[in-house]
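Q: This is the structure I have questions about; it appears just below.
The values are calculated or read from the model by the stated rules, or taken from the named source; none is laboratory data. Just so it is clear, the structure is predicted and the values come from calculations on it, not from any experiment. Here the Cβ positions follow ideal geometry from the backbone for every residue, glycine too, while neighbour counts run over all protein chains shown. Heavy atoms of the whole protein, side chains included, go into the accessibility calculation; ligands, DNA and RNA do not. Shrake-Rupley method; radii C 1.70, N 1.55, O 1.52, S 1.80 Å.
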Amino acid sequence: MLGSVKYRPPSTVEPTRFRSQLLAGDSRTIHHVLHWLLSNKEQVKNTAYLAKYLKIPDIPSDVVRNNTIQDLLDQYQSLIDEFKDAHKRTRMLEKENASEIINDIKEMAVERDMVIKRLESVQVNLVDVHNKDELLNLSKTLRLQQEKAKELELQFDTQQSQLNLASDQLKRYLNVIHGQSAATKTPTDIIKHLQEEIQLNSYLVKEKLPQEAAHIQKELNIMQNIAAEQHPSRSDLHVVQDKIAVVNGEMEQLVQRKLATSGPQEDKLAPFRQQAAVIRRNKETSATRVHELAAALKQHEATLADLQSQVKQLLGDTVLRGEELKKYVNSLRTKSTVYKRQRANLLALKSEAGILARTIQIISVADPTVEMALVNHKKMIIDDEKDLLSKDDDNSMDLGKKSFHDLSQIVAKTAQKLSEVRQEIQPLADKIKPVKEEFQSVQQQYEQRKRVYEATSINIASQMEPLKNQVKTLTDQLNSKEDEWKNLRQKITKAESLQEIVMYEMKNSMQSPRKPSKMEALKLKVSDLKRIVENLEKEQTAISSRQGVVEEQTNLWENTLKLLRCKMAARNAPAARQGRMHITQHSQMLTLT
């Protein structure tokens, strides 16, 4: 035990002397051990807990050679590794600070409120959009199609990876079964491999399969005999157990006689028998392993065929691979980015149009003349356009009537006017030029900032969902851990109470004036409750037997009460007719006149 908790004796004391003092019960040695254990309580507790599951049992070397024992040891080692990983994960979870998680949750709640406010503002801007339902439906269908495309891409990637893994595994199994390797084989190697396969198949056909068939037939006969027999009672089981004990005793006696009468020659042959048994078991295990590998190969071939058929159904005969697949994915990404940019521009224009429409509506409600002014302005624009068209038509007709000299004069006058207008516009153009350059620079900065804003908004929107899922999973894990902790505390308290009861019972059983134990007290309580139940049953039978008499007596008393009420009512009622009432000591008489 001390070795399991990594206790080391003092360097001044030899190990043999320390062992002898510990066995002799030396007070100094025991006090030193107890002092070390109590001073390193947490370490000892953790080490003892881990030693309970990580200690490998000591097994003799001759027993370890057995294949079944070796498989069990391998399985035990794998379970130890799994336990180590689970223990590390629990330690890491215990070390995590709950306050950080709470702060993260609060920050996420604040961000969620900000997102909700942003959505409300967007909804306010979309109030005046008439076809918003249609646009929302279209965006919803687009989003569903994009998600479906992503799912199909993921499904394609997973199926492609599964197909590659299955093909690699199939090649490996084929190499294992057919004995193929990278090195070239000679005809003698091929003949040797075929001979080994023939030996294995002959062993399976002649020895293993008949043994399995005989074993299955034997089990079937036993099951049929058990099904044909009647249901055994407890006495029959006791008789069978007695017979088994007698047969085991006879077998032990026969084994002892055989060991006593066996000579040295037979003892010399015992190791060879053991080796033969080990070889036979190895042969059986290898045959079962070959059978399992063949079944696994068939299963993997079937899965490979299914995956190939699914890939053909999804993508057809042509499957993109390598550089073509990368190009296709890159083109999809560029198209998605362009679509997102155009969608953002469209949403901005729609929101601006909604704001303007809402502004015009508010202004028209406040001042109805504004709406009339807008209508008149539209009519004036339409009339100006019509006048311009009519003037153009008239000018074309006049130009057709005038001569060439008049036309040249008109052209010279218009050129002179045009030059005068250009001279007047030139200072304005010089002033506008720096403003235009500044506007272009500001426009470029605006576009850059807008792209950055759109990219950040898209990133934030894409990062919010996994954070929400992570918070949800963390809260679920925290709740589950709290429930587990509560259950463990309940179990611990229950076990401590039971332990106290057991310790009290043990102390009570060791005392000479022994008090009644818990079992005896419970038996007394049970006997008292049985007595009370019997008395109650007797009272119930007595009450049920008296029920008819009580009901009859109750009916008589009810009838008597009715008669008395009738008499009281007749006495208190006003006299309908005149008469005389004679009341004596024992009777009453009413005389009507």
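Q: With the condition kept exactly as written, say whether any residue in region 535-549 is acidic (Asp, Glu), at pLDDT below 85 and not in a loop (DSSP other than H, G, I, E, B).
A: no
Q: Quick test of your reading of the structure: residue 57 fulfils all but one of (1) assigned to a helix (DSSP H, G or I); (2) open to solvent by less than 100 Å² (accessible area, probe 1.4 Å); (3) closer than 30 Å to residue 274 by Cα. Name the failing condition by number.
A: Only one criterion is unmet by residue 57, namely (1).
Q: Quick test for you: out of 517, 512, 457, pick the one residue that is modelled with pLDDT under 80 and open to solvent by 100 Å² or more (accessible area, probe 1.4 Å).
A: Only one candidate passes the filter, namely 512.
Q: Is it true that residue 232 is open to solvent by less than 90 Å² (accessible area, probe 1.4 Å) and not in a helix (DSSP H, G or I)?
A: For residue 232, the condition - open to solvent by less than 90 Å² (accessible area, probe 1.4 Å) and not in a helix (DSSP H, G or I) - is met.
Q: What about residue 469, is it modelled with pLDDT under 80 and either surrounded by 10 or more Cβ atoms within 10 Å (Cβ to Cβ) or in a helix (DSSP H, G or I) (or both)?
A: no
Q: Does residue 471 satisfy the condition of being among the β-branched types (Val, Ile, Thr), in contact (Cβ under 8 Å) with a residue 24 or more places away in the chain and out of contact with any strand residue (DSSP E or B) (no Cβ under 7 Å at 6 or more places or on another chain)?
A: Spelling it out, residue 471 is indeed among the β-branched types (Val, Ile, Thr), in contact (Cβ under 8 Å) with a residue 24 or more places away in the chain and out of contact with any strand residue (DSSP E or B) (no Cβ under 7 Å at 6 or more places or on another chain).
Q: Looking at this structure, is residue 433 open to solvent by 100 Å² or more (accessible area, probe 1.4 Å), more than 30 Å from residue 346 (Cα to Cα) and modelled with pLDDT of 85 or more?
A: no
Q: Sticking with this one: Identify, from the list 4, 27, 11, 39, the residue that is of a type in the set (Gly, Ala, Ser) and open to solvent by 90 Å² or more (accessible area, probe 1.4 Å).
A: From the options 4, 27, 11, 39, the qualifying one is 11.
Q: Moving on to the next point. Does region 311-320 contain at least one residue that is open to solvent by less than 70 Å² (accessible area, probe 1.4 Å), modelled with pLDDT of 80 or more, more than 26 Å from residue 123 (Cβ to Cβ) and not aromatic (Phe, Trp, Tyr)?
A: Within region 311-320, not a single residue is open to solvent by less than 70 Å² (accessible area, probe 1.4 Å), modelled with pLDDT of 80 or more, more than 26 Å from residue 123 (Cβ to Cβ) and not aromatic (Phe, Trp, Tyr).
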